[in-house]
Amino acid sequence: MPSDEEELYQEHILDHYEDPFHRGHLAGATHAHADKNPLCGDVVRIELQLDDAGKIVDLYFDGQGCVISQASASMLLEEMYGKTVDDIKQFSAEDMLKLYGPRLTPNRQKCCLLSWKVIQGAIHSPVDSNDER
């Protein structure tokens with residue numbers, strides 16, 4: 001029988017999966033990056049709009065995959081909204097796993113950490129200004 005805490009985590013995760021925070025595409029993105037988990041095929045793309053001071057003005061994600069990969073992307077973006085590039089750099093893999101909540105097996109940790117890897121890459125991946133946005 002799951003504990004109350006586990007049930008709370010499960011409900012929180014399902015909420016993020018079924019009604020994600022900022023899922024879609026960001027017109028005016030200044031930075032973007034995508035990656036996939038080759039083990040299971042999960043895909044996450046994160047688009048950021050950074051101001052000149054390195055503060056996140058807006059951010060969106062899109063992708064497909066398991067509940068863990070998609071819910072953790074939603075949780076991460078909600079956590080990073082309004083933060084700075086330095087905040088992203090200091091946010092560790094361990095921080096990401098804590099944000100997600102339940103303990104995960106090593107293979108499932110890769111699902112959870114996919115969006116964390118992508119946002120770390122996005123801050124170093126300016127969008128080409130010649131691209132259509």
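Summary table
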| quantity | calculated |
| --- | --- |
| Complete set of residues in the stretch 28-54 that are in contact (Cβ under 8 Å) with a residue 12 or more places away in the chain, closer than 26 Å to Arg108 by Cβ and not hydrophobic (A, V, I, L, M, F, W, C) | His33, Asp35, Lys36, Asn37, Gly41, Asp42, Arg45, Glu47 |
| First in the stretch 55-67 and among the basic types (Lys, Arg), second anywhere and assigned to a strand (DSSP E or B), Cβ under 9 Å, 6 or more apart | Lys55/Thr84 |
| Some residue of the stretch 112-119 being part of a helix (DSSP H, G or I), of a type in the set (A, V, I, L, M) and closer than 20 Å to Glu18 by Cα | yes |
| Residue list for the stretch 94-111, restricted to those being charged (D, E, K, R) and not in a loop (DSSP other than H, G, I, E, B) | Glu94, Asp95, Lys98, Arg108, Lys110 |
| Any hit, the stretch 5-20, residues being closer than 18 Å to Leu99 by Cβ and polar (S, T, N, Q) | yes |
| Close pairs (7 angstrom Cβ cut-off, 6 or more residues apart or separate chains): farther than 26 Å from Pro126 by Cβ and at pLDDT below 95 in the stretch 85-101, part of a helix (DSSP H, G or I) and of a type in the set (Ser, Thr, Tyr) anywhere | Gly101/Tyr9 |
| Qualifying residue in the stretch 42-57 (condition: under 19 Å from Leu97 (Cβ atoms), of a type in the set (D, E, K, R), touching a Gly at 6+ places or on another chain (Cβ under 9 Å) and at pLDDT 95 or above) | yes |
| The stretch 17-53: number of residues that are surrounded by fewer than 17 Cβ atoms within 10 Å (Cβ to Cβ), part of a loop (DSSP other than H, G, I, E, B) and touching a Phe, Trp or Tyr at 6+ places or on another chain (Cβ under 8 Å) | 2 |
| Members of the stretch 54-93 that are β-branched (Val, Ile, Thr) and either in a helix (DSSP H, G or I) or surrounded by fewer than 17 Cβ atoms within 10 Å (Cβ to Cβ) (or both) | Val57, Val67, Ile68, Thr84, Val85, Ile88 |
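The values are calculated or read from the model by the stated rules, or taken from the named source; none is laboratory data. All figures in this text were calculated on a predicted structure; none of them were measured in a lab. Virtual Cβ from ideal backbone geometry, glycine too; neighbours counted across all protein chains shown.
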